[in-house]
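The next block holds one structure in the form of structure tokens; read it before the comments.
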Amino acid sequence: MTSTPRVTSGTDGLDDVLDGGFIRGQTAIVSGGPGTGKTVLALQFLAAADRGLYIGFEEREEDIRENAARLDIDLSNVEILDLSADGSRFFESDDEYTIFPHEEVEGEALLDSIADEIDDIEPDRLAIDPLSELRSLVPDDYRFRRNISSLVNELKARDITTVCTTQAVAAGSDWDLQFLGDATLEIDRTTNHRSLEVTKFRGSDFANGKHTYRIRGDTGGRIYPKLVPGEHRRETDREQLSSGVSELDALLGGGIERGSVTVISGPSGVGKTTLGSLFLRSSAAGGTPSAGFLFEELRDDYLYRADQLGLGVGQLHADGPLRLFEVESLTQSPDEFAADVREAVEGGVEVVMIDGIPGYRLGLRGSDTEQELTRELHALCRYLKRMGVTTILIDEVGSLAGSLDATDERVSYLADNIIFLRYVEMDGEIRKVVGVLKKRFSDFEQSLRELRIDTDGVTLGGALTDRRGILTGVPERIE
């Protein structure tokens, strides 16, 4: 079976969405409003050409090349036909139009000039930015569609891969242009987020959904595809990972299984991150690459606090087995975060701690935040499980005492193990207790133990068999 010839899109991540790139000789229509990044995508497409031709209607050639250079887009192999209003190559004529309206004759002549440029350059890639500008020069819809359809067919016959951008004047006003393309890509932009969605791709599969599209000043545009867990797999065993604290391991029936997902939940300040860090430390100390993604605090603050508690993670971080990443959720999307996690995992990381779920949630955009959180986190956890990565999620519940809530984010069903921490009042003091609510792959101790975190590290007391009503927050001593 002959494989379909592909050409790279030139934009990092977009080839993954397009199942390998654009199909050679086809025409792709990229639509979106002003400032969505259509031109950046078109220029990066041309930068990968042996001989590229850019036909522009809105910016001067000098501005296009300067803007591309700022984004580190190399247009050295790209010719630019400047048809902007004051473009040096825009044709002018003093002839009177006696039979046809001015716009119609101008549009026909403009199409002829484009055809001549294609003949001269003989490009392997072409970009027209924006194609919708031609509509104003050929106002008769029938003539416009006929001419553009003829152009698209000729480009296909010459095996020229083409990207055309369109910009709707009103909602849906460019729908007929999208029918001309073999592939259609739609870019959407909100205040601080861009997304790209492929809505059609003839002769090819593609990744469904809206994928994050990020443009940065020094690297240009990049697509962060939605994570599809089923496309990844790595074998692992069910060996248990010790916390390094014998009493906690006993509570867990020996530790947590590698490749499992563990949720550590509890109110603010109760010690969730410290408990999760025990597993990171144990893994990294044994030579297994591990990573902590910190949504809740700065890396220096985390290392200082861990040092004060005697956890000893600072040296592991300095030596390399333990990698720590600060995550600013307000500047990232879930797609970007998933890409960072994938990079770490594919670089050898086998234990991941995400601290914590509420901070992760801030990175989600859109009105359906709760549903999006569940979907995105589910995909990420499924990916990590399929890759055999031991995953620790830190979750914060709002109540200090009272009724027990396993999680506030409705992610308990994702967990193979749930460890919960609580504040309780005992003998006139605020103390902490720890217990295991769920463990999928082995038995565990059903009791509750007092948890102490101080400069000596983490210690657990014996089972609190002399108390009842512990989960109410105000236990009573059993006489």
Between TYR413 and LEU362, what length comes free when the chain is fully extended (0.36 nm per residue of separation minus the Cα-Cα distance, one decimal in nm)?
16.3 nm
Points 7 angstrom from Cα along the Cβ direction at ASP119 and GLU297: gap in nanometres?
7.2 nm
Gyration tensor verdict on the stretch 243-297 (Cα atoms; rounded if a/c is under 1.5, prolate if a/b is larger than b/c, oblate otherwise)
oblate
Can you give the FRET efficiency for ALA109 and THR219, using 1/(1 + (r/R0)^6), R0 = 41 Å, r = Cβ-Cβ distance, to the nearest 0.05?
0.55
How many nm separate the modelled label positions at VAL228 and ARG386, each set 7 Å beyond the Cα in the direction of the Cβ?
0.9 nm
Set of lysines with alpha-carbon distance to LYS272 below 17 Å, sequence-local pairs under 8 removed:
LYS432, LYS438
Length gained when the stretch ARG452-HIS378 is fully extended (0.36 nm per residue, less Cα-Cα span)
23.4 nm
Can you give the Kirkwood hydrodynamic radius for the chain, in Å, rounded to one decimal and based on Cα pairs?
25.9 Å
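Each value in this text was obtained by applying a stated rule to the coordinates, not by laboratory testing. These figures come from a predicted structure and were not determined experimentally. Neighbour counts run over all protein chains shown; Cβ positions are idealised from the backbone, glycine included.
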